[in-house]
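As structure tokens, the structure follows; a few thoughts come after it.
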Amino acid sequence: MRRFNEKELARCNGEAGASAFIAYKGNVYDVSRNFLWQGGRHFRIHTAGSDLTHCLDLAPHGEEMLERCPVIGEFPEE
Amino acid sequence: MAKVAREMVEKTGINLDQLVELLVKNAAAELTTFYYYTILRANLIGLEGEGIKEIAETARIEDRNHFEALVPRIYELGGKLPEDMKVFHDLSACPPARLPKNPKDVKAMLKVLVEAERCAVRGYTYICNLTAGKDHRTYDLSTAILNEEIEHESWFSEFLGEGPSGHFMRRGETSPFVGKFIR
């Protein structure tokens, strides 16, 4: 499975036709085809290409939503 | 725009642009759900489907009411709706509640319906949390909508065998909670 670093992940921000990937707890999820991540943005709050591990606690949903998206890589946690 | 009302909300520290966008996104979810539920309702037929048709219809009408109730608040806060209907559809806070590939699969339809309601419950809970004790009018409206969305979820959930909803379907008028905002 592909290992992403911060720069590589940041490039996958869903803008201008780029894929939209997000990191969560060491995994990288492809949210490109998710209706709620169009253009790499999730509501006004989150952007693709970033590690959202610490954001889920504040979200109105849990990990079950991420389970609907394919894991396509690893993002080693610091 | 209600200038002072907007100022009061801003002074509480709420990010007003974010709040307005959330309201627009949820208004889009309500109107698109009204549309998709129209198709689902039409396809709820036969021995299994007919039993669900009535609650799908109530949920459909109440979701339209939610849209009607949200729009004035969006404009009061200085927001507006997109001019293009397709843009409005695509910025919805919830994915389209499309008819399943097999329109005779009533359980699949129920899953679409319950997922749509659960998305709404999450969304309005978030707005309630964001506005509680700060933006009283948006909070009041969101709480009213949330009450109805929770009931919709429990109706469909009951049919999926997840346990009793705990209450009967509507008797009389629709939108017992949101009605005061659309009279």
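The values are calculated or read from the model by the stated rules, or taken from the named source; none is laboratory data. Quantities reported herein were computed from a predicted structural model and do not represent experimental measurements. All Cβ positions, even for glycine, are placed from backbone atoms using ideal geometry, and neighbour counts span all protein chains on display.
Flag set for A:Asp30, criterion: under 9 Å from the mean Cα position of the chain (by Cα), charged (D, E, K, R) and more than 12 Å from every other protein chain (Cβ to nearest Cβ). Among the candidates B:Lys180, B:Lys134, B:Lys86, B:Lys104, the residue that is in a loop (DSSP other than H, G, I, E, B), more than 23 Å from A:Gly62 (Cβ to Cβ) and modelled with pLDDT of 95 or more is uniquely B:Lys134. Being in a helix (DSSP H, G or I) and either modelled with pLDDT under 95 or within 16 Å of B:His136 (Cβ to Cβ) (or both) holds for only one residue in B:Glu62, B:Glu48, and it is B:Glu48.
Residues are listed down the side, and each one gets a yes or a no for (1) away from every other protein chain (no Cβ under 14 Å); (2) in contact with a Phe, Trp or Tyr (Cβ under 8 Å, 6 or more places away or on another chain); (3) buried (at least 18 other Cβ atoms within 10 Å of the Cβ):
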position: A:Arg3; (1), (2), (3): yes, yes, no
position: A:Glu6; (1), (2), (3): yes, no, no
position: A:Phe21; (1), (2), (3): yes, yes, yes
position: A:Gln38; (1), (2), (3): no, no, no
position: A:His42; (1), (2), (3): no, no, yes
position: A:Gly49; (1), (2), (3): yes, yes, yes
position: A:Asp57; (1), (2), (3): no, no, no
position: A:His61; (1), (2), (3): no, no, no
position: A:Cys69; (1), (2), (3): no, yes, yes
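Quick one: in segment B:102-145, which of the residues that are within 12 Å of chain A (Cβ to nearest Cβ) and without any contact (Cβ under 8 Å) to a residue 12 or more places away in the chain is surrounded by the fewest Cβ atoms within 10 Å (Cβ to Cβ)? Checked segment B:102-145; the qualifying residue surrounded by the fewest Cβ atoms within 10 Å (Cβ to Cβ) is B:Asn129. Going by the conditions given, is B:Val4 β-branched (Val, Ile, Thr), more than 16 Å from the chain's Cα centre (by Cα) and in a helix (DSSP H, G or I)? For B:Val4, the condition - β-branched (Val, Ile, Thr), more than 16 Å from the chain's Cα centre (by Cα) and in a helix (DSSP H, G or I) - is met.
The listed residues are A:Arg44, A:Arg11, A:Arg2, and the only one of them that is over 12 Å from the mean Cα position of the chain (by Cα), of a type outside the set (S, T, N, Q) and over 22 Å from B:Pro96 (Cβ atoms) turns out to be A:Arg2.
Checking each residue in segment B:25-45 for being surrounded by fewer than 24 Cβ atoms within 10 Å (Cβ to Cβ), touching a residue at least 12 places away in the same chain (Cβ under 8 Å) and over 12 Å from the mean Cα position of the chain (by Cα) picks out B:Tyr36, B:Thr38, B:Ile39, B:Arg41, B:Asn43, B:Leu44.
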